Each structure stands twice: as structure tokens, then as C-alpha cells.
Amino acid sequence: MSTYLITGGTVVDPSTDPDGGGRRADVLIENGEVLAIDTSIAKDDVEAIDATGLVVAPGLVDLHTHVREPGREDEETILTASAAAAAGGYTAICTMPNTDPVADSAAIVEKVWALGREAGLVEVLPAGALSKDLAGEKMADIGEMAMSAARVRLFTDDGRGVQDALFARRAMEYLRGFGAVYAEHCEIEALARGGHMHEGARSLALGLRGIPAAAEELMAARDIALARLTGCRLHLLHISTAGTVELVRRAKAEGLPVTAEATPHHFTLTDAALEDYDPMAKVNPPLREESDRAAVVAGLADGTIDAIATDHAPHSREEKDQELSYAPPGLVGLETALALTISELVEPGHLSLTQALERLSTAPARVLGLEDHGRIQPGRPANIVVFDPGAAWTIDATRFNSMSRNTPFEGRTVTGRVAHTFFNGRHTVVDGVVRVGAAV
Ligand code: DOR
């Protein structure tokens, strides 16, 4: 394994200096680990990476990635999702269980985990389903998944919310024993069914059935009450409304074990993106109103929302290129998240770069209990992203490593570009290009 010396960059590590702006330092990587971080390191026989003008940060961690393997390998595989993640600066992804078959047993999560290891580009951490087949009725093989080689630590029926409050309670009671996280896709189906966008003035004007904010907020409130009752750790996935942000704020003030994430599309776009009935902007939960978007930004700024997660959801061209009401919800996000975060949150001054990296890396690593991500520390595996925070580029989906191209951000000019990614000390992205096969 090569020895690397990253020279001249600004090291920003939110785990050790959450309020700082980073410091100029060289980083030496040997045998897969960070060996030293110092103002000036001199060493022969190294591969030198000139990071002058660049930021050196902990590799990003995505709490919410839909890989389509097993089942829809025409849309994304674990290898292509891993490549997209590495290109986006990620070193770990938590994969959602709504595959076909559903990841509701040890056999499936071990398969996903093993394929991730084979791809060797990022750490692939499968989330397990809470219920068999995501049906919300019988509990999935939670214990077996937690004890399997994949060591599942986050369980969710994402893609669907758990509709039955008693099931949610029992699942939380059970998960608590494992110290695992109950993660909810907050959506009361009786209120959301048949909706294609956020319910409000725009859905009315467009003549489309809407999904009210209450469909999310009611389930978030229920789950917070159940976290209080059971003591289970609760993570709210892709929160999108001002009301949910406020519920999380109050739960945290009360000291409940509640965390939350928001996506780049929810802090960047509103339901105005659907004005021309663009299926690319159809996503679940839907893009909301400006007041919701602003509340998500404020929640990320004050730490109410712990993490930025992509909800990377690949869909085929045939399926997405349909009339809005037929197109499936979802968009790909791994290759645009860092740049959207810098462009929408850091450049306008809502978050410092260090805070943004905390939400993209250190905080999600903490939610998953990952000690080898979210920090740059001597003696730990080198999971690092090197990026140019000032480089402007135009999003061009044909250049994605993902197999799918469904993005509402096509043609948008953004700032912040990944130059290098190191995963466990392996140089997986070199000058912006993914090295598939870097594992060997
Ligand atoms: O937009 C979405 N797409 N939201 C979800 O919850 C599921 C996801 C998917 O799997 O396509």
C-alpha cells in the first residue's frame, strides 16, 4: 500500500475544532492510516499530493443512500453507488433497505455489505428493515441483522413510514436493547396517499394532489413521544417542514435521544421547481414552501438538524421521463451534495465551512457510531476528502458515476469540487476521477 503525503492544504476537522476555520498542515498516510498531521512533514518515497489552496477534511458520511442492488441493477449497483459516493467525497454510506428483495434478513444485509467490500471504494453499511418486506406488520430479523457480519446499527422502513404506532413502539423497545437506531420516514399514508407534491397554494394552482406538511409532522410527533416512552434512539430521515424542525428542536431541548437529517434538495429548492411539472423535482417528502426551506436552513445552522443526507434515489430514464403523476419520486444526490452545501449554506453565510463539514461527516458518523470516519486522527484509518472550496462547475448528469441521471440540478453552476478521496488509506479519487479497482 502506498504512502501518501498531502501537502499545503487547510485541514478542517470538525471533530477536534468545531468552531475553528482549519489550519495549514501536511497529512502523512501510511499503511492505510493517518500517521501524522503537522505544519511541515518531510519524507522521501511518498506519493505527494499538492493540496495548496484546497481543504483536507474527514471523508463524508451519507446516512441515506438508495442502492438498487439487489433488484434494480439497471438503475444502480453497489459498485456504481460506491463510485458515485467516492466521487462526491464520501467514505461511508448507509444503504436503505427498500431493495428487491428487501434487506430484512441477515442474508440480504450480509450480501450488500460483502458487495460493498468487494467494490472497495467506500464503507457500505446496510440499514436493515424494521418490518418484513416493509409491510409494517411482522418484525424483520432485527437481532440477526444486528449480530451479522454487516453489524447493522440503523433500522428503518424508509420509502415508507411505520403506520402502526404499536409496531413502532415494539420495534423501539426491541432496538433499544441493541443500542441500535430507529430511523423513520415520517409519512402518514392516509394523509399522503395519491399526492405528487407539497400541498399548498402551488399544488392548488397546478391542479395536482398534494401531500400536507401534517403527514410528516404527525408521525414525527408520534415517534418523539415513543422515543420518550421507550428510551430508544430515534433518527428522523429527510425532514422537510418547519413544523418538524420545531418538533426536533423541542425534543432536543428536552434531552431526548433524537437526531435528524435534511437533504440538499430540501435546503436548496421549493415547490416552485414543479411549476413546469418537472418529474425530476418529484421527491418524497416533497419539496416544500419557502418558509419550510428557510426553517431547514436555520435548523442546520443551529444544530437542530444534525446531518445533511442525500436520499440518493436513482431511477431509470424510462420511469422518470413520464408525466409527473406517473414518475416515481426521488433524485440522485451523492455527486452534488458537497457543492450544494457550499453553494447554498456556506457561501451565503448560514454555516461556516467547518459546521457544514460537521453536518456532512462528523455528525452522521456519530449517528452510526463510526469511530473511523468523521475525523482525521493519527492512528485511525485515513478516510479523507480533499476539495477545492472555491472551484465553480456546472452540473452535468452525463458525467455522473451513478448509473442514473435523475437530477433537478442539471445545468446549475455550483461551487466546491472534490479533487481526491482516500478510503482506508487507498486513493479512490485522483484529480476528480474515481479509480474503480483501487481496492486491489
Ligand atoms: O423520493 C424518494 N425516493 N423518497 C423515498 O422515500 C424513497 C426513494 C426511492 O427509493 O426512490
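Okay, here's what the table says:
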| quantity | calculated |
| --- | --- |
| Any hit, the stretch 197-204, residues being among the basic types (Lys, Arg) and surrounded by fewer than 17 Cβ atoms within 10 Å (Cβ to Cβ) | no |
| Scope the stretch 337-358; condition touching a Ser or Thr at 6+ places or on another chain (Cβ under 7 Å) and either in a loop (DSSP other than H, G, I, E, B) or within 16 Å of the ligand (Cβ to nearest atom) (or both); matching residues | Ala337, Glu347 |
| Qualifying residue in the stretch 408-424 (condition: hydroxyl-bearing (Ser, Thr, Tyr), within 25 Å of Arg72 (Cβ to Cβ) and under 19 Å from the mean Cα position of the chain (by Cα)) | no |
| Thr241 being under 17 Å from Gly299 (Cβ atoms) and touching a residue at least 40 places away in the same chain (Cβ under 8 Å) | yes |
| One residue from Leu353, Leu324, Leu345, Leu274 being in contact with a helix residue (DSSP H, G or I) (Cβ under 7 Å, 6 or more places away or on another chain), over 20 Å from Met96 (Cβ atoms) and surrounded by fewer than 20 Cβ atoms within 10 Å (Cβ to Cβ) | Leu324 |
| Failed criterion for Ala365 (all others in (1) touching a residue at least 40 places away in the same chain (Cβ under 8 Å); (2) under 21 Å from Pro314 (Cα atoms); (3) in a helix (DSSP H, G or I) hold) | (2) |
| Condition broken by Val102, with the remaining ones in (1) β-branched (Val, Ile, Thr); (2) under 23 Å from Val162 (Cα atoms); (3) surrounded by 23 or more Cβ atoms within 10 Å (Cβ to Cβ) satisfied | (3) |
| Those residues of the stretch 279-336 which are in a loop (DSSP other than H, G, I, E, B), of a type in the set (Lys, Arg) and more than 10 Å from the ligand (Cβ to nearest atom), in sequence order | Arg288 |
| Complete set of residues in the stretch 6-32 that are charged (D, E, K, R) and surrounded by 19 or more Cβ atoms within 10 Å (Cβ to Cβ) | Asp13, Asp26 |
| Any hit, the stretch 200-209, residues being touching an Asp or Glu at 6+ places or on another chain (Cβ under 6 Å), away from the ligand (no atom under 14 Å from the Cβ), touching a residue at least 40 places away in the same chain (Cβ under 8 Å) and in a loop (DSSP other than H, G, I, E, B) | yes |
| Failed item in (1) surrounded by fewer than 20 Cβ atoms within 10 Å (Cβ to Cβ); (2) over 19 Å from Asp372 (Cα atoms); (3) not polar (S, T, N, Q), with Ala149 passing the rest | (2) |
| Test result for Glu189, among the acidic types (Asp, Glu), away from the ligand (no atom under 16 Å from the Cβ) and farther than 19 Å from His265 by Cα | no |
| Qualifying residues in the stretch 155-168 (those that are more than 15 Å from the ligand (Cβ to nearest atom) and surrounded by 19 or more Cβ atoms within 10 Å (Cβ to Cβ)) - the one nearest to the chain's Cα centre (by Cα) | Phe155 |
| Check on Asp141, farther than 20 Å from His373 by Cβ, within 16 Å of the ligand (Cβ to nearest atom), modelled with pLDDT of 95 or more and among the charged types (D, E, K, R) | no |
| Total residues in the stretch 231-246, condition surrounded by 24 or more Cβ atoms within 10 Å (Cβ to Cβ) and either more than 16 Å from the ligand (Cβ to nearest atom) or of a type in the set (Gly, Ala, Ser) (or both) | 4 |
| Strands (runs of 3 or more DSSP E) (entirely within the stretch 1-92) containing at least 2 residues that are over 27 Å from Leu351 (Cβ atoms), touching a strand residue (DSSP E or B) at 6+ places or on another chain (Cβ under 9 Å) and modelled with pLDDT of 95 or more | 4-11, 23-30, 33-38, 47-50 |
| Selection status of Arg435, basic (Lys, Arg) and either closer than 17 Å to Ser343 by Cα or in contact (Cβ under 8 Å) with a residue 12 or more places away in the chain (or both) | no |
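The values are calculated or read from the model by the stated rules, or taken from the named source; none is laboratory data. As the structure is a computational prediction, the values presented were derived from the model and not from experiment. Cβ sites come from the backbone with ideal geometry, for glycine too, and all protein chains shown count toward neighbours.
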